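The values are calculated or read from the model by the stated rules, or taken from the named source; none is laboratory data. Quick caveat, the model's predicted, so the values are computed rather than measured. Ideal geometry is used to build each Cβ from the backbone, glycine not excepted, and the neighbour counts take in all protein chains shown.
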């Protein structure tokens, strides 16, 4: 009986390990073609979310705008550092859909219950990657066909990158490649400083 139970646990673990990780708390910085775009920190249990948009040149020292959602306040605080002077707006409710970034990625590639499509050896995974692939035609560029592949490091169950390739539908030739990376992916307990307000909330406009 014990051997059978152990076998069931092993099979379940193998099945789960072939799925897209979709944790309730996570942190990472998103880059596109080497340029920092956004940073996310999400903790569903405590009800807090952070989204930072970096400046157009990807200068993390400068930063662009920042959102912090606090469920206990039923507020989403928007800090606009692009305006002069910087502004703070406390909007009732939230969070914005864009703030809970990762579940949207999971859904786009088939959902958290979908097992991987292909095993690929890749240097960014230090060996084996689990990959999921979606394909679609552009609604703007009618002769372009796109293939988007998500890579998850098998040994650590850690998302590494997604690679979007565009092909000319007439010639079949590759015309573009965009690489989005998930830098510093971490699912440990999120430090409270991630949700520190960058401005005094007394300066906020309450909408």
Discussion item. It is to be established whether one or more residues within the stretch 169-182 are surrounded by 13 or more Cβ atoms within 10 Å (Cβ to Cβ) and either more than 23 Å from residue 38 (Cβ to Cβ) or without any contact (Cβ under 8 Å) to a residue 24 or more places away in the chain (or both).
Written reply: yes
Discussion item. Restricting to the stretch 183-203, name every residue that is farther than 12 Å from residue 28 by Cα and either part of a loop (DSSP other than H, G, I, E, B) or free of Cβ contacts under 8 Å to residues at least 60 places away in the same chain (or both).
Written reply: 189, 191, 192, 193, 196, 197, 198, 199, 200, 202
Practice prompt. Would you tally the residues in the stretch 72-118 being in a loop (DSSP other than H, G, I, E, B), buried (at least 18 other Cβ atoms within 10 Å of the Cβ) and at pLDDT 95 or above?
Written response: 2
Worksheet item: Can you tell me which residues in the stretch 82-105 are under 23 Å from the mean Cα position of the chain (by Cα) and touching a residue at least 12 places away in the same chain (Cβ under 8 Å)?
Response: 93, 94, 95, 96, 98, 99, 100, 101, 102, 103, 105
Worksheet entry | Number of the condition not met by residue 187 [criteria: (1) loosely packed, with under 11 Cβ neighbours inside 10 Å; (2) modelled with pLDDT of 95 or more; (3) touching a strand residue (DSSP E or B) at 6+ places or on another chain (Cβ under 9 Å)] | (1)
Discussion item. Condition check: free of Cβ contacts under 8 Å to residues at least 24 places away in the same chain, exposed (fewer than 13 other Cβ atoms within 10 Å of the Cβ) and either in contact with a helix residue (DSSP H, G or I) (Cβ under 6 Å, 6 or more places away or on another chain) or assigned to a loop (DSSP other than H, G, I, E, B) (or both). Does residue 156 satisfy that?
Written reply: yes
Item to complete: Find the residue count for the stretch 119-143, including only residues that are over 20 Å from residue 32 (Cα atoms) and surrounded by 17 or more Cβ atoms within 10 Å (Cβ to Cβ).
Response: 1
Fill in: the stretch 44-66, residues that are part of a strand (DSSP E or B), farther than 22 Å from residue 161 by Cβ and modelled with pLDDT under 95
65, 66
